[in-house]
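A quick write-up on the structure given underneath.
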Amino acid sequence: MNRALRIACGTMVAGIGWLGLNAAAAAGATFYVATNGSDAWSGKQAAPATRGDDGPFASVARARDAVRALKAAEPLAESVRVQIRGGVYYLDQTLTFGPEDSGAEGAVVSYEAYPGETPEFVGGRRIEGWQPAAGRMVSVHLPEVQAGEWYFRQLFVDGRRQVRARYPNVDPEDPIRRGFLYAAPSQGGFGLALNNIHNPGDWTEYRVQIPADGEYVLWIYYGALNAPFGRTDMSGRTTLSVDGEQPVALVDMPDTGGWAASRWSRAATLRLQQGERVLRWQNVQGGGLTLDAFALCDASQWTPRGATLPGVAPGKHLVVFQAEAFAASHGSQLSIGGTSGSKTEFHYGPGEFKPAWAEAPDAELHIFQSGSCRAFKEILAIQAVDESTRTVTVTGPEAVADLHTGDRYFVENVFDELDAPGEWHLNRATGVLHFIPLAGFGEASEVVAPAVGRVIEVAGASRLRFAGLRLRNGDYTTEDGCGGYGMGNNGTVYFGDAHYCAVEDCVITHTGRYAVCISGGGDHAVRRNDIAHSAQGGVLILGSARNEVLDNQIHDCGAIYKHIGGVVLQGKGTDDNRIAHNDIQRMSRYGITLKSAGLRNVIEFNRVLWTNLETYDTGGIEVTQQDRELRSGSVIRSNIVGDTAGWYAQGPDKNVAMSWGIYLDSFAGGYTVTNNITYRNSHGGIMLQGGKDNTVVNNIFVDSSLAQGYFPNFQDNSTGQTLERNIFSYTDPEAMLIAGGNLTPEVIRADRNLYDCPVEMPRIRVRGIPSFAHWQQRGFDRNSVIADPRFVDRARDDYSLQPDSPAFALGFQAIDTSRIGLLTPR
């Protein structure tokens with residue numbers, strides 16, 4: 001991508017003392033770098049001299065050293081430019097900059113593209129010398145790999161990431177949702193359960209063969225934890241009917257201590273006739289159960305214990321059927337998932353897992369776990385395979401979550417599975433790289449094996465600028481801090497305890513790490529960059545203050561690690577940052593996330609679309625705070641957040657989702673959320689999870705599937721929340737307006753909102769409040785109205801209001817969407 005160099009002259013932004021070279025910069029020194037240069041030359045000429053005795057440098061490292069020498073002669077009084085000619089620069093080592101490379105106040109050192117040209121910095125070596133191998137394969141021997149001096153986890157052809165040999169193969173038509181194996185139930189069938197069936201009216205139906213007439217005891221294997229929601233026993237709240245006859249109330253259903261802590265309940269006695277019977281379980285009064293299995297036995301003294309069931313006496317009968325094996329069902333949130341799991345073991349289906357994979361050198365198992373909120377993927381080593389029990393044992397530092405039935409996975413880096421175009425395999429012991437080329441591969445094709453993860457590293461320096469560059473094809477390691485819930489610790493461009501630096505007008509693509517990582521220090525600018533296809537995320541800010549991430553296009557990140565964000569702010573001291581006018585799309589997880597991120601951050605004018613495509617329990621813009629009392633003083637305003645998927649597969653045929661447009665999680669408090677528009681999210685446009693003194697005013701929340709607002713008052717910690725002058729509009733009659741926990745006017749003040757719903761009165765699910773009328777009687781929304789908000793063009797996601805919108809009478813202020821998104825056209 002050829003991008004003209006842009007230089008801002010004399011521009012100032014609050015919190016950042018400079019935004020580029022000032023007008024005096026033209027008088028400073030300029031050095032040049034070119035692919036046809038020489039590090040023996042002066043670097044003062046943009047092209048080689050006719051006589052061939054002078055010209056540009058060949059490397060940026062040599063230009064950096066020339067700037068050092070210039071500074072050693074006398075302090076910098078004017079800015080210095082290093083202009084880099086177009087072409088490809090392959091790097092065996094990171095370009096490093098230390099305090100001695102700093103600019104000075106009013107004198108920036110700028111490493112920038114030569115006007116009208118695009119230099120490319122590639123974080124690896126070009127692989128050549130391919131030889132024909134078996135079948136469609138080609139191969140090459142890499143002595144440094146065999147000697148233990150080099151190893152890489154990615155391979156790029158013509159700039160694009162290829163697939164490490166894997167099973168099952170990637171499905172090019174749907175690489176996110178297809179092309180996986182799924183952890184299977186144990187051979188007894190237990191451990192896979194029916195979840196999220198807590199709504200009144202949810203039901204499942206079973207067709208069961210009864211072996212003989214008789215009186216049968218119904219046993220239910222279930223888990224429950226309803227105490228946080230105001231009850232401790234589900235007895236009498238669910239029923240079972242036989243062939244459509246009068247339902248029988250199910251009893252002996254106390255809390256078990258956890259949703260996955262299963263126990264057997266002697267729930268009912270039924271008189272059944274021989275033959276196929278239709279049994280319907282139904283939730284009548286609401287409340288949660290995790291249903292694993294049912295058992296019917298006509299031996300009255302028969303008592304089950306756990307998942308290993310005792311036999312029955314001769315002449316007696318036992319019928320066991322799994323809760324998830326229903327013939328029909330109804331439930332807006334019904335899902336299937338595991339109840340018992342292990343961090344290091346899971347089961348596989350007949351013939352699905354090859355024992356030889358455990359013996360394959362450096363083989364990896366990539367599994368999307370469900371034991372920790374389905375929030376991340378783990379990369380594990382295969383330790384053993386037990387064919388008799390169909391059990392896989394895995395190990396590694398990322399084995400932190402329970403693995404359950406239905407978790408999707410694939411096996412990678414196995415030579416025997418090298419069978420599809422675009423796949424490759426590296427044998428560490430022999431140093432042989434095998435590759436099956438895609439169509440069109442030839443002598444001119446560029447194959448790059450990464451040699452570095454950080455392409456540019458700035459440690460302790462200040463006032464350096466990198467502009468107009470294209471950076472690509474660096475690697476990642478499993479020590480980059482993205483395992484489990486980790487957000488990462490590294491970047492393709494890395495600033496460590498640096499100050500007043502900038503990355504501007506760059507393309508950073510198909511990389512192994514975050515495009516930019518800022519750790520410590522502060523006052524940096526990351527502006528007008530195109531960031532895409534990273535193995536991790538976009539921009540990562542760790543314990544750093546007063547940075548600006550402005551006008552960037554960030555998309556298609558999370559190729560390897562899934563628990564990442566387009567922009568991430570994390571840690572104490574991450575204060576006074578501004579994240580503005582970015583366009584963030586197609587992310588494996590967050591668009592923007594703040595992880596215990598400090599104070600007074602501003603998230604504004606961003607467009608965040610199609611995020612959380614591969615993870616669950618999440619948000620397009622998300623905050624995790626953990627501190628029950630902190631008031632952040634941060635602002636989330638004037639953003640558009642659309643199609644936050646929160647998608648997860650719990651087995652090959654069952655999709656589940658949980659996401660919010662804007663999600664203030666884990667006690668996040670003191671946030672102002674205003675002038676935002678969210679649409680088509682799973683569980684709501686806004687979620688307030690136990691924080692204090694959050695203000696949600698003048699927003700538009702449209703068409704979430706479960707509820708439009710979700711206010712659980714997590715651990716009864718919330719106070720002082722405000723929900724006023726918002727528009728909530730939805731078209732699904734099965735959806736709710738509000739879901740929540742223990743809500744009182746002291747917890748949340750709700751008023752002067754406009755509610756647009758497809759039923760006469762909005763449905764709500766709030767502890768102890770059965771209807772919207774009761775909600776108003778409790779003091780909520782007494783001055784709110786139910787009306788059509790009069791959107792300009794809902795079908796085209798234009799949620800601007802027509803002049804006669806009734807929202808204006810409530811004090812709603814029009815949201816200017818023309819300012820949202822990128823400032824600079826791409």
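The values are calculated or read from the model by the stated rules, or taken from the named source; none is laboratory data. Just so it is clear, the model here is predicted, and its values are computed rather than measured. Every residue, glycine as well, gets a Cβ built from its backbone with ideal geometry; the counts of neighbours run over all protein chains shown. Each accessible area value is taken on the protein alone, full model and side chains, heavy atoms only, with ligands, DNA and RNA left out. Shrake-Rupley method; radii C 1.70, N 1.55, O 1.52, S 1.80 Å.
Some observations on this one:
- Across segment 686-691, computed HN-Hα scalar couplings (Karplus, 6.51 cos²θ - 1.76 cosθ + 1.60, θ = phi - 60°) run 9, 10, 10, 9, x, x Hz from first to last residue, x flagging Gly and Pro.
- Summarising the strand pairing of the chain, around 40 percent of its internal DSSP beta bridges are antiparallel.
- Low-density loop positions, chymotrypsin sites (Phe, Trp or Tyr not before Pro), segment 445-485 - DSSP coil, at most 15 other Cβ in 10 Å: TYR485
- When the Cα gyration tensor is reduced to axis lengths a ≥ b ≥ c, the ratio a/c is 1.5 or higher for segment 763-820, and with a/b above b/c it is classed as prolate.
- HN-Hα J in Hz across segment 253-258 - Karplus 6.51, -1.76, 1.60, θ = phi - 60°, x for Gly and Pro: 10, x, 4, 9, x, x
- Heavy-atom accessible area with a 1.4 Å probe sorts ASP243, ASP583, largest first, into ASP243, ASP583.
- Cut-off 13 Å between beta-carbons: net charge of the residues surrounding ALA66, Lys and Arg +1, Asp and Glu -1: +2
- Computed accessible area, TYR167, all protein chains, 1.4 angstrom probe, square angstrom: 80 Å²
- If you take the Cα centroid of segment 605-621 and the Cα centroid of segment 400-443, the two points sit 29 Å apart.
- Semi-axis lengths (Å, descending) of the ellipsoid that matches the C-alpha gyration tensor of the chain: 53, 36, 19
- Qualifying lysines (Cα of each under 22 Å from Cα of LYS343; at least 8 residues distant if same chain): LYS354, LYS377, LYS562
- For segment 506-594, the fraction of 1.4 Å probe accessible surface lying on carbon and sulfur atoms is 42 percent.
- Computed accessible area, VAL641, all protein chains, 1.4 angstrom probe, square angstrom: 0 Å²
- Around the Cα centre of segment 88-246, unit charges on the Cβ atoms of Lys, Arg, Asp and Glu (plus for the first two, minus for the last two) sum to a dipole of about 480 debye.
- Exposure of GLU387 as accessible area (Å², to 10), given a probe of 1.4 Å and all protein chains: 130 Å²
- The residues neighbouring ALA649, those whose beta-carbon lies less than 15 Å from its own, together hold a net charge of 0 under the Lys/Arg +1, Asp/Glu -1 convention.
- Comparing ALA165, PHE97, GLY486 along the charge dipole axis of the chain, the residue lying farthest to the positive side is PHE97, per the Cβ-charge model.
- Oblate is the label for segment 383-461. Its Cα gyration tensor axes, ordered a ≥ b ≥ c, give a/c of at least 1.5 and b/c at or above a/b.
- Amide H within-cut-off set for GLY642, under 5 Å, with H built and near neighbours excluded: VAL608, LEU609, TRP610, TYR679
- The phi torsions of segment 502-509, fed into the Karplus equation with coefficients 6.51, -1.76 and 1.60 and a -60° offset, translate into couplings of 9, 10, 10, 6, 9, 10, 10, 9 Hz, rounded to whole numbers, with Gly and Pro shown as x.
- Electrostatic tally near ARG454: other residues with Cβ closer than 14 Å to its Cβ, Lys and Arg +1, Asp and Glu -1, net -3.
- Loop-located GluC sites (Glu not before Pro) in segment 64-145 (DSSP state not H, G, I, E or B) with no more than 12 neighbouring Cβ atoms inside 10 Å: GLU105, GLU128.
- Inter-centroid distance (Cα atoms) of segment 690-728 relative to segment 153-172, Å: 42 Å
- Ranking THR511, THR94 by solvent-accessible area of protein heavy atoms (1.4 Å probe, all protein chains present), from largest to smallest, gives THR94, THR511.
- When TRP610, TRP41, TRP357 are compared by accessible area at a 1.4 angstrom probe, the order from most to least is TRP610, TRP41, TRP357.
- Backbone amide hydrogens, once placed in the peptide plane, bring ALA461 within less than 5 Å of HIS499, excluding anything fewer than 5 places away on its chain.
- Tail weight of P(r) past 21 Å, computed on alpha-carbon pairs of segment 164-254, percent: 57 percent
- Euclidean distance of C-alpha centroids, segment 377-394 and segment 530-593, integer Å: 34 Å
- Positive-end residue of LEU599, SER235, PHE190, charge dipole of the chain with Cβ unit charges: LEU599
- Beyond 23 Å, the tail of the calculated P(r) for segment 505-599 holds 14 percent of the Cα pairs.
- The chain: angle of helix 60-73 to the longest principal axis, Cα-based, in degrees nearest 10: 60 degrees
- Amide H within-cut-off set for HIS563, under 5 Å, with H built and near neighbours excluded: LYS377
- Projected area, mean over directions - segment 420-481, Cα convex hull, nm²: 7.6 nm²
- Size of charge dipole - the chain - debye, nearest 20, with Cβ of Lys, Arg +1 and Asp, Glu -1, no other charges: 1060 debye
- Loop-located trypsin sites (Lys or Arg not before Pro) in segment 152-206 whose Cβ has at most 16 other Cβ within 10 Å (DSSP): ARG177, ARG178
- Cα gyration tensor shape of segment 370-508, rounded if a/c is under 1.5, else prolate or oblate by comparing a/b with b/c: oblate
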